[in-house]
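Computed from the coordinates by the stated procedures, all read-outs in this text should not be read as laboratory data. Please read all numbers here as calculations on a predicted model, not as lab measurements. Backbone-built Cβ (ideal geometry, glycine too); neighbour counts: all protein chains shown.
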Amino acid sequence: MKNIEVDAIENNIPETLRAALLERLGEVYCRNSGYREHIRKEEELLRRLEESLTEEQMAMVGEYHTAISSTMGICELLAYRQGMKDMADILK
């Protein structure tokens, strides 16, 4: 029974840490001037799209953006986790 509890805890670690990791990454991003500049460019492009596209087209762009953001979020978490594993291996 103890192994089941340990397995359950280990399986929940990524979900438990996910919010904290994303918050920390967000803080790092916000301190980076290159990141902030790219956000400004995104906002300007979105404004131009909103002026040019129909509501239906904007909805498709929004869905596309959501899909890309989800994929990049997964990539960030995988890279962060791999970095932690690599650091642990280095420290052995």
Report summary line: Going from the fewest other Cβ atoms within 10 Å to the most, one would list Ile68, Ile90 as Ile90, Ile68
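Would you mind calculating the gained length between Arg36 and Leu17 on full extension (0.36 nm times residue separation, minus the Cα-Cα distance), in nm to one decimal? Walk me through the numbers before you get to the answer.
On the way: separation 19, 0.36 × 19 = 6.84 nm, distance 2.51 nm.
Separation in residues times 0.36 nm, less the Cα-Cα distance, equals 4.3 nm.
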**Report entry** Pairwise label distance in nanometres, Tyr64 with Arg24, each label 7 Å out on the Cα-Cβ vector
**Finding:** 3.5 nm
Query raised in the report: Label Thr54 and Lys85 with points 7 Å out from Cα along Cα→Cβ: what is the distance between them in nm?
Result: 4.7 nm
